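Peer 1: To start, I am sharing the structure in question, which I have written as structure tokens.
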Ligand code: 5RP
């Protein structure tokens with residue numbers, strides 16, 4: 001209990017030292033609420049400014065896809081190498097040990113599956129995201145889908161309202177339909193639409209031509225998905241090029257959990273993302289760690 005007598009006099013005001021006004025390390029978020037910045041600083045490493053997010057939310061539309069048949073066996077051992085995990089609430093509750101203490105980007109939209117018409121999604125309840133201590137909520141946004149564009153952008157806007165109310169960042173996840181080309185023009189439009197509608201950060205795909213323009217035209221940080229499984233050397237090259245072009249990290253799934261050696265792969269990806277390791281060195285690291293060659 002506080003005493004009202006005998007207290008030491010306060011005298012260490014350092015009046016000659018001006019207080020830092022502070023600026024946040026991630027673009028577009030300097031004016032975000034303390035809670036948003038705190039959660040972002042758990043997802044992104046404040047030293048490198050980057051993140052390695054491990055995505056294993058694929059089952060919510062694809063079922064038990066290769067590498068995710070037994071997430072308790074394949075994914076849980078990888079979590080310690082990730083800065084953040086991205087998954088559904090079902091996967092989180094059923095297989096992820098809470099004591100691992102990793103920030104969670106919670107898959108926050110759900111609806112149709114690969115068996116029907118993709119992109120017809122509604123949002124998960126915010127109460128559950130709060131209960132699960134989500135570090136981010138991640139709705140899918142289908143820009144260019146004539147059936148579900150408006151609905152999914154509305155979902156994102158609803159998430160941005162939750163961000164403003166509860167301090168939980170929104171990760172806009174750009175879904176690219178089968179008939180759309182993943183070029184800089186499309187990706188630039190899709191990521192910008194997410195940011196303008198309130199996404200705190202955006203997940204999209206890398207493109208060979210003009211990715212730096214996609215990054216520059218998006219006022220909040222971009223992380224890239226890995227996409228379909230590539231040979232390990234190519235996936236490390238992809239991560240390197242994305243980071244060199246201004247992406248602030250990866251949100252990678254199949255290229256990690258479908259790798260010949262997932263622990264070696266995620267460690268090599270970390271070296272690229274956080275240390276700027278060149279892709280050939282990172283591939284050598286992957287080989288050394290996996291005992292290959
Ligand atoms: C699935 C997703 C995945 O999280 C995203 O595509 C990243 O995974 P991958 O690196 O395998 O592409 O949004 O719906």
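Peer 1: So which of 67, 101, 35 is at positive phi and more than 12 Å from the ligand (Cβ to nearest atom)? Please lay out each step first, then the result.
Peer 2: Working: 67 fails: more than 12 Å from the ligand (Cβ to nearest atom); 35 fails: at positive phi.
Criteria check complete, one pass: 101.
Peer 1: Are any of the residues in the stretch 80-88 more than 17 Å from the chain's Cα centre (by Cα), more than 14 Å from the ligand (Cβ to nearest atom) and in contact (Cβ under 8 Å) with a residue 24 or more places away in the chain?
Peer 2: No, that holds for no residue.
Peer 1: With 104, 95 as the choices, which residue is free of Cβ contacts under 8 Å to residues at least 60 places away in the same chain, surrounded by 15 or more Cβ atoms within 10 Å (Cβ to Cβ) and farther than 29 Å from residue 198 by Cβ?
Peer 2: 95 is the lone residue from the list that is free of Cβ contacts under 8 Å to residues at least 60 places away in the same chain, surrounded by 15 or more Cβ atoms within 10 Å (Cβ to Cβ) and farther than 29 Å from residue 198 by Cβ.
Peer 1: While we're on this one: Output the residue which, of all residues in the stretch 50-63 that are in a loop (DSSP other than H, G, I, E, B) and touching a helix residue (DSSP H, G or I) at 6+ places or on another chain (Cβ under 9 Å), is farthest from the ligand (Cβ to nearest atom).
Peer 2: Selected residue: 50.
Peer 1: Is it true that residue 187 is under 19 Å from residue 106 (Cα atoms), modelled with pLDDT of 95 or more, within 16 Å of the ligand (Cβ to nearest atom) and touching a strand residue (DSSP E or B) at 6+ places or on another chain (Cβ under 8 Å)?
Peer 2: On the way: under 19 Å from residue 106 (Cα atoms): no; modelled with pLDDT of 95 or more: yes; within 16 Å of the ligand (Cβ to nearest atom): yes; touching a strand residue (DSSP E or B) at 6+ places or on another chain (Cβ under 8 Å): yes.
Here the answer is no, as residue 187 does not meet what is asked.
Peer 1: Every residue in the stretch 230-247 that is away from the ligand (no atom under 16 Å from the Cβ) and assigned to a loop (DSSP other than H, G, I, E, B), please. Spell out how you get there, then give the answer.
Peer 2: Here is the first cut: in the stretch 230-247, the ones away from the ligand (no atom under 16 Å from the Cβ) are 233, 244-246.
Once the filter is applied, which keeps residues that are away from the ligand (no atom under 16 Å from the Cβ) and assigned to a loop (DSSP other than H, G, I, E, B), the stretch 230-247 yields 245, 246.
Peer 1: If only one of 269, 250, 273 is in a strand (DSSP E or B), within 14 Å of the ligand (Cβ to nearest atom) and either in contact (Cβ under 8 Å) with a residue 40 or more places away in the chain or touching a strand residue (DSSP E or B) at 6+ places or on another chain (Cβ under 9 Å) (or both), which one is it?
Peer 2: On the way: 269 fails: in a strand (DSSP E or B); 273 fails: in a strand (DSSP E or B).
That would be 250, the only listed residue that is in a strand (DSSP E or B), within 14 Å of the ligand (Cβ to nearest atom) and either in contact (Cβ under 8 Å) with a residue 40 or more places away in the chain or touching a strand residue (DSSP E or B) at 6+ places or on another chain (Cβ under 9 Å) (or both).
Peer 1: Still on this model: Are any residues in the stretch 177-204 outside any helix (DSSP H, G or I), within 17 Å of residue 225 (Cβ to Cβ) and more than 17 Å from the chain's Cα centre (by Cα), and if so, which ones?
Peer 2: 177, 178, 180, 181, 182, 183 - these are the residues of the stretch 177-204 that are outside any helix (DSSP H, G or I), within 17 Å of residue 225 (Cβ to Cβ) and more than 17 Å from the chain's Cα centre (by Cα).
Peer 1: Need the failing condition index for residue 218 against (1) surrounded by fewer than 23 Cβ atoms within 10 Å (Cβ to Cβ); (2) not in a helix (DSSP H, G or I), just the number.
Peer 2: Result: residue 218 fails condition (1) only.
Peer 1: Only one of (1) assigned to a loop (DSSP other than H, G, I, E, B); (2) within 16 Å of the ligand (Cβ to nearest atom); (3) under 24 Å from residue 80 (Cβ atoms) fails for residue 227. Which number is that?
Peer 2: Checking residue 227 against (1) assigned to a loop (DSSP other than H, G, I, E, B); (2) within 16 Å of the ligand (Cβ to nearest atom); (3) under 24 Å from residue 80 (Cβ atoms), the one that fails is (3).
Peer 1: A further question follows. Out of curiosity, is residue 150 more than 14 Å from the ligand (Cβ to nearest atom) and under 24 Å from residue 53 (Cβ atoms)?
Peer 2: Numbers: more than 14 Å from the ligand (Cβ to nearest atom): yes; under 24 Å from residue 53 (Cβ atoms): no.
Answer is no for this residue.
The values are calculated or read from the model by the stated rules, or taken from the named source; none is laboratory data. On a predicted model such as this, the values are computed, not experimentally measured, just so you know. Cβ sites come from the backbone with ideal geometry, for glycine too, and all protein chains shown count toward neighbours.
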